[in-house]
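Nothing in this text is a laboratory measurement; each read-out follows from the coordinates by a stated rule. Note that the structure is a prediction, hence the values are computed from the model and not measured. FYI the Cβ positions are ideal-geometry reconstructions off the backbone, even for glycines, and counts take in every protein chain you see.
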Amino acid sequence: MKIGLFTFGGGYAMISLIQSEVVVTHGWITAQEFTDILAVSQMTPGPVGINVATYTGYTALLHAGYSPLLAIVGSLCTSAAVLLLPILLMLAVSRWLLRHSDNVVVKSVMMMLRLTVIGVIASAAVVLLNVDSFGRVGWNRQFVVSVLLFVAVFSCSLLPRERQIQLGGRSIVLRRPSPIWLLIISGAIGAIVYAL
């Protein structure tokens, strides 16, 4: 509930808060398991923050020795807990916010929240720059492949949405690759490289 109440900026902003609570503070799951949960959450449909909370609730109860059925109940409880207070807060605030959206103070607060969200999402990215995601620093296969995939996917995300180039008198339209394809290709490359 605390994570749901103090998270501004959507699912990715929740990641560092969830990691701090379940890995660092309480030790319910390991850093490696959190990285795996995050990877699965990004590949499954739905908001990433809710998916992480759901999988974390399930995994934490399994580690505590409970049956898979009770772990499912735990995943439902964590999902509901993350959603409950933000829904109630939005219902209470949205009407007032719409009436006062032109207010200078409200505009200033919203601008500060946008800046805060950028910082929280950046901290989520920093959380993922760890040994579990990239391997030990050095010229080992896991680290090199992870860094190359990271650089390639990050570079693709910076490409313009659409660009026209002239090639041999023909006009060709280049489009930025879909994030879904980038995930699939990265997963396939990782599976091939790590299977060797």
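In the range 167-182, of all residues being surrounded by fewer than 12 Cβ atoms within 10 Å (Cβ to Cβ) and part of a helix (DSSP H, G or I), the one that is nearest to the chain's Cα centre (by Cα) corresponds to Ile180.
To keep it simple, each residue is scored yes or no on (1) touching a residue at least 60 places away in the same chain (Cβ under 8 Å); (2) in contact with a His (Cβ under 8 Å, 6 or more places away or on another chain); (3) charged (D, E, K, R); (4) closer than 14 Å to Met1 by Cα.
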site: Val24; (1), (2), (3), (4): no, no, no, no
site: Ile29; (1), (2), (3), (4): no, yes, no, no
site: Gln32; (1), (2), (3), (4): yes, no, no, no
site: Thr35; (1), (2), (3), (4): yes, no, no, no
site: Ile50; (1), (2), (3), (4): no, no, no, yes
site: Ser94; (1), (2), (3), (4): no, no, no, no
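Every condition in (1) in a helix (DSSP H, G or I); (2) within 30 Å of Ala188 (Cα to Cα) is met by Ile29 except one, and the failing one is (1). Scan the range 45-61 and tell me whether some residue there is buried (at least 20 other Cβ atoms within 10 Å of the Cβ), within 13 Å of the chain's Cα centre (by Cα), aliphatic (A, V, I, L, M) and not in a loop (DSSP other than H, G, I, E, B). Among the residues of the range 45-61, at least one is buried (at least 20 other Cβ atoms within 10 Å of the Cβ), within 13 Å of the chain's Cα centre (by Cα), aliphatic (A, V, I, L, M) and not in a loop (DSSP other than H, G, I, E, B), which makes the answer yes.
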